[in-house]
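First the structure, in the form of structure tokens, and then the observations on it.
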């Protein structure tokens, strides 16, 4: 992933010492920032925006909060969708006998 982040400009190319990359403490800190943002579900373009805001000491925290709230809303929509999918699967599994008979409401539902 580090090479990908370099290729898309999220991190600057590191200094090279022979065939090895030499990352500074600032580079490592930036990589941790990116990893933490990814863990919270931020896509690359929003991470790029967050990195710019992080570097901008003149920023207002309202910009950062707006990005976080938008991401939280999106995660809420995805969670609701996943929960609905889970409920449907559980309901279908409940109606399936799960025995040697070929009848299967799960397959019937998928064939609709």
Original post:
Taking 0.36 nm per residue of separation and subtracting the Cα-Cα distance, what length does fully extending residue 7 through residue 111 add?
Top reply: 33.1 nm
Subject >> Helix 25-39 vs. the chain, principal-axis angle (Cα, 0 to 90°, nearest 10) >> reply: 20 degrees
Subject >> Gain on full stretching of the segment that runs from residue 68 to residue 83 - 0.36 nm per residue minus C-alpha separation >> reply: 3.2 nm
**OP:** Pull out a ≥ b ≥ c, the square roots of the eigenvalues of the alpha-carbon gyration tensor of the range 1-83, then state rounded if a/c is under 1.5, prolate if not and a/b is larger than b/c, and oblate in the remaining case.
**Re:** oblate
Original post:
If contacts are Cα pairs under 8 angstrom and at least 6 residues apart, what is the relative contact order of the chain in percent?
Top reply: 12 percent
Original post:
Calculated from DSSP H runs of 4 or more alone, at -39500 (n - 2.57) each and per residue, what is the 222 nm mean residue ellipticity of the chain, nearest 500?
Top reply: -21500 deg cm²/dmol
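Every number here is computed from the coordinates shown, using simple stated rules; none is lab data. Bear in mind the structure is a predicted one, so any value in this text is a computation, not a measurement.
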